[in-house]
Amino acid sequence: MSEEKNSYSASSIQVLEGLEAVRKRPAMYIGDISERGLHHLVYEVVDNSIDEALAGYCKNIEVTINENNSITVQDDGRGIPVDMHEKEKRSALEVVMTVLHAGGKFDKGTYKVSGGLHGVGVSCVNALSTKMSVEVCRGGKRYQQEYSCGKPLYSVKEVGTADYTGTKVTFLPDDTIFTVHEYKYDILSGRLRDLAYLNAGVRITLTDKRPLDDGTFRSDVFYSEKGLSEFVEYLDSLREHLIPDVIHINTDKYGTPVEVAMTYNTEFKENIHSYVNNINTIEGGTHVSGFRTALTRTLKKYADDLKILEKEKVEINGDDFREGLTAVISVKVAEPQFEGQTKTKLGNDEVSGIVQQAVGEALTNYLEEHPKEARLIVDKVVLAARARIAAANARKSVQRKSALGGAGLPGKLADCSGKNPELCEIFLVEGDSAGGTAKQGRNREFQAILPLRGKILNVEKATMDRVLNSEEIKNIYSALGVTIGTSEDSKALNLEKLRYHKIIIMTDADVDGSHIDTLILTFFFRHMRELIENGYVYIAAPPLYKCSKGKIEEYCWTDQQKQAFIDKYGGGQESGVKIQRYKGLGEMNAAQLKETTMDPQYRTLRQVHINNESQADYTFTMLMGDDVAPRRQFIEDNATYATIDA
Ligand code: 28G
């Protein structure tokens, strides 16, 4: 055997072993094999195009969801090189598509700035796809290669000519590996919108080839000329502005690109979204702490110099500077260290000072050049400090009262007898009457019931002291055992005190029920986000129908299930079977509620995830805000999720 042949077979064996490893333990490479992992495949491929855009060669990226749930990504970059790879004895294209970590994170001089959280590359997507094909246009020619489960079906071949350049990849995820097979347009659009804002000047098109009910197709173009300042404008577009401008910082400090955009609205929450190499760092990290330090110091110094705080006689802390703040921080770090539970917290110490310096300088300039806006911001900070002191007093009075009332559990809570939080569940139930039924239907050893009086406070517009003083919200957080943290520098919940590891929202399957769901979720998202991030929050799924024929009874959760019952037992005729439509939890007796919705053996729970932080921020603002028109639009767009009984 020749030397060449030898090294070829050696590397091809390595490739096969690599692909096999990915297929054996997919979660190790892409996080999980459910909805998230399925969508992650798209991000891995798009990241390649983004890298090509950041290198300055690609302006347009088109993402298509095909009718069979395969995905096509096309870019107008230089096209992946197809020449022979010296060491590997095959086309560079084949190497990129089949070798684990091909292309590496660090080519000399440049670094791979994008790269999904897992940054595993397109070869992993290939390994997890039953079918994949790549087409490259380069040097006037068109090349192609196809694969099955990552294995090439033939060597890279020339298939024609082309008067443009670029790369096009189509893949069909392996449905024996993934537990979810349908792509969700909204999940992809959320990430692609973020990417367009984070990478100004790149046009990203998303098209869904699966027809809607009316025969039309969804499509969006995401394009931002100005980048993060437009991102912040978008995030605050439904909020009332405190200042008209977005402060935009775009610089390079000691070789680290730093981009920050910020503004203030008239609300009371802090909305900081941070990214490292285009990855959303939901746990923050050194770039965020550098930003906070700069914000606090610069604003404090400005207010001190004008002796405003002295005159107002108020003690300011770090939180006060961030009420009503909306900011996006994006840094590109050559060797990012990701820490934290979900590996989305930047650990590189040097980044803190870099961001601090960049933001400090730019903000100082802004305040000096805009005295009117500066005054509005400082006044808002003073207002925030006063509200915080009022909230602290409110909390003290809550604590005092609960100290008097023994364990401090709300009177309406029917607690469980078990004490191990990992095994315990709490149902937040709409209304006292359903609460009563749930109490009878529960397993009192590990299931607690907290009935809620209808619609809870809309926290979206409320100050902290109003939130803390709301009776229903007090009941929720005292039953859970966690306090809403407002201590300096840490809004972290005391999760070790959490009394239940499953918090289950159980409401009627109607419009009011879903409104209550969104009110409770808004409260968790804005004030107890870690509960969602740690996977503790669920929504119960009561059935919509009970279908029966003689002694045969079946519960149905969808219209399709109902139709299947009718087809099977009624010969397709609804006159032949009995169908009971459940309009509310109250229509079920305790035994029915138990066996359909509460008993772990039979129920299905929907776990609540935050797919995309910026998208969730925008959506909650929209759903809970004053403006009715976009809310109606949202409900129309999502009508399939909320089947409304006429
Ligand atoms: C459409 C779906 C995903 C891509 C390129 C372009 C180049 C490239 C990609 O190089 C790394 C570096 C040079 C071999 C780079 C083209 C330099 C010159 C490229 C994509 C290994 C790969 N000309 N476009 N990779 N090279 N788009 N889109 O994958 O030595 S990947």
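The values are calculated or read from the model by the stated rules, or taken from the named source; none is laboratory data. All values derive from a computational prediction rather than experimental measurement. No Cβ is skipped: glycine too gets one built from the backbone with ideal geometry, and neighbour counts run over all protein chains shown.
Being more than 29 Å from V467 (Cα to Cα), assigned to a strand (DSSP E or B) and modelled with pLDDT of 95 or more narrows it down to one residue among Y275, Y264; which is it?
On the way: Y264 fails: more than 29 Å from V467 (Cα to Cα).
After applying the criteria, what remains is Y275.
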Check: For the stretch 130-174, what are the residues that are within 13 Å of the ligand (Cβ to nearest atom), within 32 Å of the chain's Cα centre (by Cα) and not basic (K, R)?
Finding: M132, S133, V134, E135, G166, T167, V169, T170, F171
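Looking at the stretch 130-151, which of its residues are of a type in the set (G, A, S) and either outside any strand (DSSP E or B) or crowded, with 24+ Cβ neighbours inside 10 Å (or both)?
Hits for the stretch 130-151 are G139, G140, G150.
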Note to self: Within the stretch 400-414, take every residue that is surrounded by 12 or more Cβ atoms within 10 Å (Cβ to Cβ) and assigned to a helix (DSSP H, G or I) and give me the one that is modelled with the highest pLDDT.
What the structure shows: K401
Next item on the list: Looking only at the stretch 582-606, count how many residues are outside any loop (DSSP other than H, G, I, E, B), surrounded by fewer than 16 Cβ atoms within 10 Å (Cβ to Cβ) and touching an Asp or Glu at 6+ places or on another chain (Cβ under 7 Å).
Entry: 0
Next item on the list: Read through the list (1) within 16 Å of the ligand (Cβ to nearest atom); (2) farther than 27 Å from Y57 by Cα, then give the number of the only condition that K184 fails.
Entry: (1)
Check: Taking into account only those residues within the stretch 417-431 that are surrounded by 13 or more Cβ atoms within 10 Å (Cβ to Cβ) and acidic (D, E), which is nearest to H515 (Cα to Cα)?
Finding: E430
Next item on the list: Select from the stretch 26-62 the residues that are assigned to a strand (DSSP E or B) and within 9 Å of the ligand (Cβ to nearest atom) and write down the one among them that is nearest to N277 (Cα to Cα).
Entry: I61
Note to self: Looking at the stretch 387-399, can you tell me whether even one residue there is among the polar types (S, T, N, Q) and modelled with pLDDT of 90 or more?
What the structure shows: no
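Would you be able to tell me the number of residues in the stretch 527-562 that are assigned to a helix (DSSP H, G or I) and either surrounded by 15 or more Cβ atoms within 10 Å (Cβ to Cβ) or of a type in the set (K, R) (or both)?
Looking only at the stretch 527-562, we keep the residues that are assigned to a helix (DSSP H, G or I), and these are 527, 529-533, 559-562.
Right, trim to either surrounded by 15 or more Cβ atoms within 10 Å (Cβ to Cβ) or of a type in the set (K, R) (or both) and you get 527, 529-533, 561-562.
Total meeting the criteria: 8.
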Item checked: Exclusive hit being without any contact (Cβ under 8 Å) to a residue 60 or more places away in the chain and in contact with a Lys or Arg (Cβ under 7 Å, 6 or more places away or on another chain), set V221, V202 -> V221
Note to self: Can you find, within the stretch 182-206, the residue that is surrounded by the fewest Cβ atoms within 10 Å (Cβ to Cβ) among those that are under 21 Å from the mean Cα position of the chain (by Cα) and not in a helix (DSSP H, G or I)?
What the structure shows: E182
Notebook entry, point to check: Which of the residues spanning the stretch 246-255 are within 27 Å of the chain's Cα centre (by Cα) and either in a loop (DSSP other than H, G, I, E, B) or not hydrophobic (A, V, I, L, M, F, W, C) (or both)?
Noted result: V246, H248, N250
Notebook entry, point to check: Do the conditions hold for V381, that is, is it in contact with a His (Cβ under 7 Å, 6 or more places away or on another chain) and either farther than 30 Å from S274 by Cα or buried (at least 17 other Cβ atoms within 10 Å of the Cβ) (or both)?
Noted result: no
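A quick yes/no check of all residues on (1) surrounded by fewer than 18 Cβ atoms within 10 Å (Cβ to Cβ); (2) of a type in the set (V, I, T); (3) in contact with a helix residue (DSSP H, G or I) (Cβ under 6 Å, 6 or more places away or on another chain):
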site: A434; (1), (2), (3): no, no, yes
site: Q440; (1), (2), (3): yes, no, yes
site: L452; (1), (2), (3): no, no, yes
site: T463; (1), (2), (3): no, yes, yes
site: N469; (1), (2), (3): no, no, yes
site: Y500; (1), (2), (3): no, no, no
site: I505; (1), (2), (3): no, yes, yes
Item checked: Filtered residue count, the stretch 231-241, keeping only those that are surrounded by fewer than 20 Cβ atoms within 10 Å (Cβ to Cβ) and under 20 Å from Y366 (Cα atoms) -> 2
Checklist line | Restricting the stretch 98-109 to residues that are of a type outside the set (K, R) and more than 9 Å from the ligand (Cβ to nearest atom), the residue that is modelled with the highest pLDDT | finding: T98
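Among T216, T251, T281, which is of a type outside the set (A, V, I, L, M, F, W, C), under 29 Å from D349 (Cα atoms) and surrounded by fewer than 17 Cβ atoms within 10 Å (Cβ to Cβ)? Give the derivation first.
Working: T216 fails: under 29 Å from D349 (Cα atoms); T281 fails: surrounded by fewer than 17 Cβ atoms within 10 Å (Cβ to Cβ).
T251 is the lone residue from the list that is of a type outside the set (A, V, I, L, M, F, W, C), under 29 Å from D349 (Cα atoms) and surrounded by fewer than 17 Cβ atoms within 10 Å (Cβ to Cβ).
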Item checked: Any hit, the stretch 73-85, residues being closer than 23 Å to L128 by Cβ, assigned to a loop (DSSP other than H, G, I, E, B) and at pLDDT 95 or above -> yes
Notebook entry, point to check: In the stretch 73-89, what residues are more than 7 Å from the ligand (Cβ to nearest atom) and either in contact (Cβ under 8 Å) with a residue 12 or more places away in the chain or among the aromatic types (F, W, Y) (or both)?
Noted result: D76, V82, K87, E88, K89
Notebook entry, point to check: Just wondering, is there one or more residues in the stretch 303-326 that are more than 25 Å from A55 (Cβ to Cβ), part of a loop (DSSP other than H, G, I, E, B) and under 20 Å from the mean Cα position of the chain (by Cα)?
Noted result: no
Margin query: Just to verify a result, which residue in the stretch 63-72, among those that are in a strand (DSSP E or B) and touching a Phe, Trp or Tyr at 6+ places or on another chain (Cβ under 9 Å), is nearest to the ligand (Cβ to nearest atom)?
Written below: T72
